[in-house]
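Student: Could you have a look at this structure, given as structure tokens, before my questions?
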Amino acid sequence: MDEPGEPGDKVAKGGLAATSWAVLGMMSYEEEVSGYDLKKWIDWSVDLYYWSPSYSQIYTELKKLETLGLVTSRVEPSEGTRSRRLYKITDAGMSAVTEWVNDAPVDPTVLKHSVLLRMTFGHLSNPAKMKEILQQHIAFVDARYRKAIEDSEGAEVEPAWAYSVIALRWAAKYYAAEREFALQMIKDIDEAETVIANAAKGGAGQPRPAPGYWREVERQIESKRKG
């Protein structure tokens, strides 16, 4: 057991990087696990709704966590040419990740959508190209949806993973919705082109806002919010 006052007891208050919490959280399920297996396990689950750290990131975090007393490691004897280092969460590590799950502030979700960013500048492209980009996105989303379904169904065999199953099901629903959004956006492109074409017929040519006009629009929106 870890004694009060050891470095690990102070970590939850000081905070760790998201990768550290993910690693500790995954380790809370297992007795011992290698860095390689942690990476594969995260790819199977967390990657569908957060991100997947690289092997180097995982090993860097494991070394940091071991220095902080949150995990321990040992080299597993092997008859082959390569041995494995196995990591185990300590009592201090379990306490820290438990505090994080229960008491950490809820971070706002950040939407970082490269397809939407490119759509914002669709006036620099053409409808056919933008639809092609969306079709590529739909293909990616379909693959992620299938993976989320398969992984959630696979996880159902282990009762200890019941909460992980909930997260995987959410991921599946997200990708299903994302597909519908993309299909709707393909239709919206035609509407946008109609708006631009109608403006051009009015003698404006390619529509272009007056310099700084966004400031006036911003003021109007802000006024509505306050009203």
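The values are calculated or read from the model by the stated rules, or taken from the named source; none is laboratory data. All figures in this text were calculated on a predicted structure; none of them were measured in a lab. Virtual Cβ from ideal backbone geometry, glycine too; neighbours counted across all protein chains shown. Accessible surface is based on the protein model in full, side chains and every heavy atom, while ligands, DNA and RNA are left aside. Shrake-Rupley method; radii C 1.70, N 1.55, O 1.52, S 1.80 Å.
Student: Please pick out the residue among L124, L111, L134 that is at pLDDT below 95 and either over 27 Å from the mean Cα position of the chain (by Cα) or buried (at least 16 other Cβ atoms within 10 Å of the Cβ) (or both).
Tutor: Answer to the selection: L124.
Student: Could you tell me whether segment 149-161 includes any residue that is surrounded by 11 or more Cβ atoms within 10 Å (Cβ to Cβ) and farther than 30 Å from I42 by Cβ?
Tutor: no
Student: Check V101, V106 and return the single one that is open to solvent by 70 Å² or more (accessible area, probe 1.4 Å), farther than 29 Å from D190 by Cα, in a helix (DSSP H, G or I) and out of contact with any Gly (no Cβ under 6 Å at 6 or more places or on another chain).
Tutor: Result of the check over V101, V106: V101.
Student: Does segment 166-202 hold any residues that are of a type in the set (D, E, K, R) and either under 15 Å from I133 (Cβ atoms) or surrounded by fewer than 15 Cβ atoms within 10 Å (Cβ to Cβ) (or both), and which are they?
Tutor: Selection gives K173, E178, R179, E180, K187, D188, D190, E191, E193, K201.
Student: Six or more apart or on different chains, Cβ atoms under 9 Å: show the pairs whose first residue is in segment 64-77 and assigned to a strand (DSSP E or B) and hydrophobic (A, V, I, L, M, F, W, C) and whose second is at pLDDT 95 or above and open to solvent by 70 Å² or more (accessible area, probe 1.4 Å).
Tutor: Here the result reads V71/K88, each pair linking segment 64-77 to a residue that is at pLDDT 95 or above and open to solvent by 70 Å² or more (accessible area, probe 1.4 Å).
Student: Would you call A104 at pLDDT below 95 and of a type in the set (A, V, I, L, M, F, W, C)?
Tutor: yes
Student: Residues in segment 78-90: is at least one in contact (Cβ under 8 Å) with a residue 24 or more places away in the chain and part of a helix (DSSP H, G or I)?
Tutor: no
Student: Hey, can you tell me all the residues within segment 16-33 that are assigned to a helix (DSSP H, G or I) and either open to solvent by less than 40 Å² (accessible area, probe 1.4 Å) or modelled with pLDDT of 95 or more (or both)?
Tutor: Once the filter is applied, which keeps residues that are assigned to a helix (DSSP H, G or I) and either open to solvent by less than 40 Å² (accessible area, probe 1.4 Å) or modelled with pLDDT of 95 or more (or both), segment 16-33 yields T19, S20, W21, A22, V23, L24, G25, M26, M27.
Student: Which of the following residues is of a type in the set (F, W, Y), surrounded by fewer than 20 Cβ atoms within 10 Å (Cβ to Cβ) and part of a helix (DSSP H, G or I): Y36, Y50?
Tutor: Y36
Student: If you don't mind, there's one more thing I want to ask. I'd like the residue in segment 171-227 that is more than 30 Å from A139 (Cα to Cα) and of a type in the set (V, I, T) and, out of all such residues, is modelled with the lowest pLDDT.
Tutor: Step by step, filter segment 171-227, then rank; the result is V217.
Student: Has segment 85-98 got any residue that is more than 26 Å from the chain's Cα centre (by Cα) and buried (at least 18 other Cβ atoms within 10 Å of the Cβ)?
Tutor: yes
Student: I'd like to check something: does segment 63-84 contain any residue that is under 22 Å from V165 (Cβ atoms) and open to solvent by less than 20 Å² (accessible area, probe 1.4 Å)?
Tutor: The answer is no, given that none of the residues of segment 63-84 is under 22 Å from V165 (Cβ atoms) and open to solvent by less than 20 Å² (accessible area, probe 1.4 Å).
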